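Student: For reference, the structure I am asking about is given below.
The values are calculated or read from the model by the stated rules, or taken from the named source; none is laboratory data. Everything numeric in this text was worked out from a predicted model, so none of it was measured. Because the Cβ atoms are built from the backbone with ideal geometry, glycine has one as well, and the counts that use them run over all protein chains shown. All accessible areas refer to the heavy atoms of the entire protein, side chains included, with ligands and DNA or RNA removed. Shrake-Rupley method; radii C 1.70, N 1.55, O 1.52, S 1.80 Å.
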Amino acid sequence: MSWIQTFTGKQFYPLAARVEDIDVRDIAHSLSLQSRFNGHCLRFYSVAEHSVRVSRVVPASDALWGLLHDAAEAYIGDLPRPVKANAPEFRGIEDRLLLVVAEAFGLPWPMPEAVRLADDRLLSTEARDLMAPHPASWNLREEPLQERIEPIGWEAAEDAFLVRFEELGGRGQGAV
């Protein structure tokens, strides 16, 4: 089978994605049900909630990219960083899919560096707040945020993602 069925019922071809098949409702729903850290956190914390938080840390001009920076994961999942670093074919698939997402929502390509830095800053914050005490340094470059993270649950994260998309003037397939 060369396609997946999305939350909204579409046949989505991850290796041949088309702009018209990208739907923010599919992205929000899927990411709200996916746990960060491959599920190895102390409490459930969704990729959707992480994305909303990234969108609030970046400069306003990059906020929509911050919200959608992990959108490819809605269609192909994710790999832990050490595995992804050694999986160039997967990274290529992810990048091609992110390019289609960028086209679907009118985002510039490539993703702004500010989004990557905010993603790392959230990673530092998440490591502090959501992971068991770690035996070794993660060697993270960015300082954590001052605010602490208390996860909101998948349903609230899905709603927050869609509300944030609307706040940012997001347009495209499935725009709310």
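Student: Taking the solvent-accessible surface of protein heavy atoms with a 1.4 Å probe, what is the per residue accessible area of the chain in Å²?
Tutor: Numbers: 9190 Å² over 176 residues.
Per-residue accessible area for the chain comes out at 52 Å².
Student: Would you check the accessible area of Tyr13, probe 1.4 Å, heavy atoms only, in square angstrom rounded to 10?
Tutor: Accessible surface of Tyr13 is approximately 80 Å².
Student: Taking the Cα centre of segment 88-155 as origin, work out the dipole magnitude from +1 charges on Lys and Arg Cβ and -1 charges on Asp and Glu Cβ, in debye rounded to 20. Numbers along the way, then the final one.
Tutor: Values: 7 positive and 14 negative charges, 33 e Å.
Roughly 160 debye for segment 88-155.
Student: How much length would be gained if the chain were fully extended between Ala16 and Trp3, taking 0.36 nm per residue of separation minus their Cα-Cα distance, in nm to one decimal? Show your work: numbers first, answer last.
Tutor: Numbers: separation 13, 0.36 × 13 = 4.68 nm, distance 0.91 nm.
Net length gain for the segment: 3.8 nm.
Student: I would also like to ask the following. Using the 2.2 N^0.38 Å rule of thumb for compact globular proteins, work out how the chain stacks up: its C-alpha Rg over that value, please.
Tutor: Values: Rg = 15.5 Å, N = 176, 2.2 N^0.38 = 15.7 Å.
Against the compact-globule rule of thumb, the ratio is 0.99.
Student: Taking only Cα atoms of segment 15-60, what ratio of Rg to Rh do you get with Rh as the Kirkwood inverse-distance radius? Mind dumping the intermediate values first?
Tutor: Numbers: Rg = 12.9 Å, Rh = 12.1 Å.
Expressed as Rg/Rh, it is 1.07.
Student: Accessible area of the chain with a 1.4 Å probe: how many percent of it is carbon plus sulfur?
Tutor: Numbers: 4810 of 9190 Å².
Carbon-and-sulfur percentage of accessible area, whole number: 52.
Student: Report the equivalent ellipsoid semi-axes for segment 95-140 in whole Å, largest first, defined as the square roots of five times the eigenvalues of the gyration tensor built from alpha carbon atoms. Could the numbers behind the result be given before it?
Tutor: Values: eigenvalues 183, 21, 16 Å².
Here the semi-axes work out to 30, 10, 9 Å.
Student: Mind jotting down the three principal axis lengths of segment 1-77 based on Cα atoms? Whole angstrom, largest first.
Tutor: 36, 33, 19
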